[in-house]
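The values are calculated or read from the model by the stated rules, or taken from the named source; none is laboratory data. Worth saying up front: this structure is predicted, and the values here are computed from it rather than measured. Counting neighbours? That spans all protein chains shown, and the Cβs are built from the backbone with ideal geometry, glycine included.
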Amino acid sequence: MKEDICTIPVNEVFEVKDGCPICRMRAELEERALDFVMGAAMMEPDIRHETNHLGFCPQHINMMCTRSNRLSLALMLESHLEEIDNAVFGSHQPSVLHSPASLATASAGDAGEITHSCYVCNRMNRSLDKELDTLFKMWKNEAEFRESVRNQPCFCLADYALLLSKGIKSLDKKSFPEFYEAVSSVTRKGLDGLREDISGFCKMYDYRNNGADFGNLRDAVKNAVAFLNGRR
Ligand SMILES: [Zn+2]
Ligand SMILES: [Zn+2]
């Protein structure tokens, strides 16, 4: 399989051997989605239509707040807040046809939906799906890439689940068992290392280790948390 515009980003992510490669892939796509929405795209009517409708999750709106382009954010919020006003309040006006309970249920439902949707998450996940499709093609066609997957230090728990659930659908009966074996042995090996480090970290609090240097164990809790929360 020749290197092309699709395979390069996947190869680059797997060349680094530090933590979960899918988390790295997601972080890059997240940056790109944030750059996109905070840039000129937010003035495009079809993009704005989507941001007005979907809004942003707490994590992404916080990330947008830390960026310098405050006016972009304010303009998007101006029309998004207007849409919230219409969707949550304007379209559920009190009337003789509806009881307060049914109005409240519909209004709460619309408000809840907006709090759960996010333009950046949607855009990032669409790109992630495409990169994972490429990853599965590379797994099927490139021995070198298969080796690179086997040499990863770990996949986080959520991405272990993601790779397997998508792999079952994307790989044929011949390629999937080898993929499953590789991804599970990498993850299990990573988990063994984390367990060992966490036990080592706990033992450092024993009085017999008083004053001893934590060395690499200093990162034990941070690494175990990253394995669990998928930000590795
Ligand atoms: Zn991950
Ligand atoms: Zn989001």
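Values computed for the structure shown
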quantity	calculated
Filter pass, VAL37 being away from ligand 2 (no atom under 16 Å from the Cβ) and part of a helix (DSSP H, G or I)	no
Odd one out for CYS154 among (1) within 22 Å of the chain's Cα centre (by Cα); (2) closer than 30 Å to SER170 by Cα; (3) in a helix (DSSP H, G or I); (4) not charged (D, E, K, R)	(3)
Candidates SER99, SER79, filtered to the one that is modelled with pLDDT of 95 or more, of a type in the set (Gly, Ala, Ser) and over 19 Å from the mean Cα position of the chain (by Cα)	SER79
Pairs with Cβ under 7 Å, 6+ apart, first in the stretch 127-155 and in contact (Cβ under 8 Å) with a residue 12 or more places away in the chain and on the phi < 0 side of the Ramachandran plot, second charged (D, E, K, R) and within 16 Å of ligand 2 (Cβ to nearest atom)	LEU128/ARG26
Failed item, numbered, when CYS65 is tested on (1) crowded, with 17+ Cβ neighbours inside 10 Å; (2) within 14 Å of ligand 2 (Cβ to nearest atom)	(1)
All positions within the stretch 34-62 that are surrounded by 11 or more Cβ atoms within 10 Å (Cβ to Cβ) and closer than 26 Å to THR105 by Cα	HIS49, GLU50, THR51, ASN52, HIS53, LEU54, GLY55, PHE56, CYS57
Condition check for LEU29: buried (at least 19 other Cβ atoms within 10 Å of the Cβ) and over 29 Å from VAL186 (Cα atoms)	no
Close pairs from the stretch 46-70: first within 17 Å of LEU81 (Cβ to Cβ), partner more than 9 Å from ligand 2 (Cβ to nearest atom) and of a type in the set (Asp, Glu), Cβ under 8 Å, at least 6 apart	ASN52/GLU82; ASN52/GLU83; HIS53/GLU83
Flag if THR115 is more than 16 Å from ligand 2 (Cβ to nearest atom) and either crowded, with 18+ Cβ neighbours inside 10 Å or of a type outside the set (Gly, Ala, Ser) (or both)	no
Hey, ASP18 part of a helix (DSSP H, G or I) and out of contact with any Cys (no Cβ under 8 Å at 6 or more places or on another chain) or not	no
Selection from the stretch 204-228 of residues that are over 19 Å from ARG188 (Cβ atoms) and outside any loop (DSSP other than H, G, I, E, B)	TYR207, ARG208, ASN209, GLY215, ASN216, LEU217, ARG218, ASP219, VAL221, LYS222
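Conditions (1) within 13 Å of ligand 2 (Cβ to nearest atom); (2) in contact (Cβ under 8 Å) with a residue 60 or more places away in the chain; (3) within 27 Å of PRO9 (Cα to Cα), marked per residue:
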{"residue": "MET42", "(1), (2), (3)": "no, no, yes"}
{"residue": "SER72", "(1), (2), (3)": "no, no, no"}
{"residue": "PHE89", "(1), (2), (3)": "no, no, no"}
{"residue": "ASN122", "(1), (2), (3)": "yes, yes, yes"}
{"residue": "ASN125", "(1), (2), (3)": "yes, no, yes"}
